[in-house]
Every structure is written in structure tokens, then in C-alpha cells.
Amino acid sequence: QVQLVESGGGLVQAGGSLRLSCAASGRTFSRYVVGWFRQVPGKEREFVAAISWSVDITRYADSVKGRFTASRDNAKNTVYLQMNSLQPEDTAVYYCAAAQLIGDFSVTSNYNIYQNWGQGTQVTVSS
């Protein structure tokens, strides 16, 4: 079991930046991946980014490519999501999630593969 806690959300003006953190506790495994998702009320969770726990592999949703960057610090058991050039449409609750990767890295965009989820952190971007 892995426990995840997100932090770093807040209110920012359009064009601004935020850095989200996802701190993990409990046992982690080299095959784990961490995904970032976001959700607004009444809508389905949307894939944002994913990063391998041990291998330098990342992927991003088209909507955030060039603006968001996922990274990790294994010594701190923490992954990050640097969000730049934020726009109002980025407003959502952001979640990190952990999964043992079975198959191709492309499956990391599917929220159904993730077993462990954080509590979420609110990101609000004003126009």
C-alpha cells in the first residue's frame, strides 16, 4: 500500500504558475508509476501527466504539453507537477495516483489502473 498526499494548490491568475507536490509514504516499488489527473464537478477525471517512479519516462495530455512538467525526487518519495502558463480551463481538483505498471506506458492515461489516490488539491486560475 502507498499513501499519497497532494499539496501546492491555490489561486493564481492566468499566466501564472504553481508547483504541485505528491508525497508518498509506505512501500513503493520500482515498477510503480505516478499519474496526475484533474476533475471538475460533474465531469469525468481527466488525465494530465504520468511519470515512472524509477525510469526517466513521462507523458502528458495534449492540453498541457509544453506547459506542465512532471518530475520526481525518489530520495524524498515525492513527485511534482510544475504548471506554467496556467489558464482558467486548468481550474480543477488535481489528484496524484500510484499504480503498478502492467503493460505499455501508454496505459497510464487510464485512471482505472491506479490503485492508490491522494486526497486532491484545488487549483483555481482566475482570468
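The values are calculated or read from the model by the stated rules, or taken from the named source; none is laboratory data. Every value quoted in this text rests on a predicted model; they were computed, and no experiment measured them. A quick note on method: Cβ atoms are made from the backbone with ideal geometry, for glycine too, and the neighbour counts reach across all protein chains shown. Please note that ligands, DNA and RNA were not included when accessible areas were found on the heavy atoms of the full protein model with its side chains. Shrake-Rupley method; radii C 1.70, N 1.55, O 1.52, S 1.80 Å.
Things to note:
- Matching residues in segment 100-124 - criterion: being assigned to a helix (DSSP H, G or I), of a type outside the set (A, V, I, L, M, F, W, C) and surrounded by fewer than 16 Cβ atoms within 10 Å (Cβ to Cβ): SER106, ASN112
To keep it simple, each residue is scored yes or no on (1) among the polar types (S, T, N, Q); (2) within 19 Å of ASN116 (Cβ to Cβ).
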position: GLU6; (1), (2): no, yes
position: SER17; (1), (2): yes, no
position: ALA24; (1), (2): no, yes
position: VAL34; (1), (2): no, yes
position: ARG38; (1), (2): no, yes
position: ARG45; (1), (2): no, yes
position: TRP53; (1), (2): no, yes
position: GLY66; (1), (2): no, no
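- Of all residues in segment 102-127, those satisfying the criterion of being in contact with a helix residue (DSSP H, G or I) (Cβ under 7 Å, 6 or more places away or on another chain) and not hydroxyl-bearing (Ser, Thr, Tyr) are VAL107, ILE113, VAL123, VAL125.
- Candidates are the residues of segment 12-41 that are loosely packed, with under 15 Cβ neighbours inside 10 Å, at pLDDT 95 or above and of a type outside the set (Ser, Thr, Tyr); the one that is nearest to the chain's Cα centre (by Cα) is ARG19.
- Options SER54, SER63; residue that is at pLDDT below 95, within 22 Å of ASP104 (Cβ to Cβ) and open to solvent by 30 Å² or more (accessible area, probe 1.4 Å): SER54
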